[in-house]
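The values are calculated or read from the model by the stated rules, or taken from the named source; none is laboratory data. Keep in mind the model is a prediction, meaning the values are calculated, not measured. All Cβ positions, even for glycine, are placed from backbone atoms using ideal geometry, and neighbour counts span all protein chains on display. When the accessible area is computed, the model is the full protein with side chains, heavy atoms only, and any ligands, DNA or RNA have been set aside. Shrake-Rupley method; radii C 1.70, N 1.55, O 1.52, S 1.80 Å.
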Amino acid sequence: MLHDTGLIFTRDMKLSLRNPTWLLIGIMQPLLYLFLFGPLMVTVVRNTPGFPSDDAWTVLTPALIVQTALFSGSFAGVGLLTEYRVGVVDRFRGTPASRSALLFGKVLAQAAQATAQSALIVVVTLLVFDLNAPVSGMLLSLLIAAVLAITLSSGSYALALILKSEAAFPSLMNMVLLPLLLLSGVLLPVTRELAPGWLYNLARINPLTHIVDAERAAFRGDLHASGLLTGCLILLLMTVLALVWGTRTFQKENA
């Protein structure tokens, strides 16, 4: 299965590298947030009670990394639907490749792309803005982003194969992702001091909130923070569930 996974990973990466515009398109929105929203965050974080004590860039940058992995992984199913329409999935059915390897190769390619985009965001923030974060924390945050991309792309592929509709899939993803993103505190941390009780409690049951908290803890080098452990455990649980769902769906669809 490892050999088949490597073949699928290499195939998907070659397809992506033939048209590397995905790298620029993927980070365009985070870069706009950095340049047009980041300077506002500096003043807001400094003067608003209830914000984390870190500087604005260690609050905003890890959140944008999560946002990048979120959109990169969640919309991975769009590419699979295109392959389904043009018959690539049917041709895979005629190969002896492991059905699980088809999924694993694709999600690893998505993780590599999301990690490349996230690393570029970190580099830009280091070069242009006054980002002060430990190297170990930044590397850990990239690892969390890669695992998040694996999780979401696995779920995205499974959902795409179930829906089999290029029209319905993006609409459904937008409907699901928007409230998750707003409640996660990506742009403005949802703390007890800033949010009403009902909104704070709603945000705490959003798993993405804990992953954003873990990213921020990693970014400031607070490796003993309870939020880092909680976020990582929730992410690992989500990863296992998503891979099981994705594997079963691939095996069923390619039987």
The chain: relative contact order from alpha carbon pairs under 8 Å, six or more residues apart, as a whole percent, is 28
Probe 1.4 Å, all protein chains present, accessible-area order of Leu36, Leu31, largest first:
Leu36, Leu31
Return the carbon/sulfur percentage of the accessible area of segment 117-255, one whole number, probe 1.4 Å, all protein chains in place.
70
Run the reach check for Lys164 against lysines, Cα to Cα strictly under 20 Å, same-chain hits fewer than 8 apart removed. What comes back?
Lys106, Lys252
Mean accessible area per residue over the chain (1.4 angstrom probe, all protein chains present, square angstrom) is 48
Report Ile205's accessible area, 1.4 Å probe, all protein chains in place, as a number in Å² to the nearest 10.
130
Ranked output for segments 174-180, 160-166 by mean other Cβ atoms within 10 Å, highest leading, reads 160-166, 174-180
Using a 1.4 Å probe on heavy atoms of the protein chains only, the accessible area for Arg91 in Å², nearest 10, reads 150
How much mean residue ellipticity at 222 nm does the chain get from its helices, if each DSSP H run of length 4 or more adds -39500 (n - 2.57) and you divide by all residues, to the nearest 500 deg cm²/dmol?
-26000 deg cm²/dmol
Once you put a point 7 Å from the Cα of Leu199 and another 7 Å from the Cα of Leu143, both along the Cβ direction, what distance in nm separates them?
3.5
